[in-house]
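Shown next, in C-alpha cells, is the structure this report addresses.
What follows is calculated from the coordinates using simple rules that are stated; it is not laboratory data. Just so it is clear, the model here is predicted, and its values are computed rather than measured. A quick note on method: Cβ atoms are made from the backbone with ideal geometry, for glycine too, and the neighbour counts reach across all protein chains shown.
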Amino acid sequence: MARSKQVTAAGDGFVVCDVRCRAAERAWSPPEVAQGYVLVFVRQGSFCRRVNGAEYFMDSVSAYFEIPGGE
C-alpha cells in the first residue's frame, strides 16, 4: 500500500495531517496501532475497516475516532 502524510497544521497538543493511501489490490492491510487520540475524516474514496471483529464500510461521509493503542 502506498501512503503519504503531510502535516497541514500543528499547535499546542494537536496536529492536523493529510494522509493519502492507495492499495494496489483489494485485501486487508496489517493492523496499525494508534500512537495517540486520532479523529479521522474520510475525504475521498472508500475502504473497509475492521474493529473488534466487526467490519465497517468507510467513505467520504464517514469519520472515526481512535484511542492510544487501538488498532
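Listing for the model above:
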item	result
For the range 31-71: rounded, prolate or oblate by the Cα gyration tensor [a/c cutoff 1.5]	oblate
Trypsin sites (Lys or Arg not before Pro) within the range 1-41: DSSP coil, no more than 15 neighbouring Cβ in 10 Å	ARG26
Added length on full extension, which subtracts the Cα-Cα distance from 0.36 nm per residue, PHE47 to ALA27	6.2 nm
Answer label, with percent of Cα pairs over 17 Å apart calculated from the coordinates and candidates [x] 45; [y] 51; [z] 38	[y]
MET58, MET1 arranged by Cβ crowding within 10 Å, fewest neighbours leading	MET1, MET58
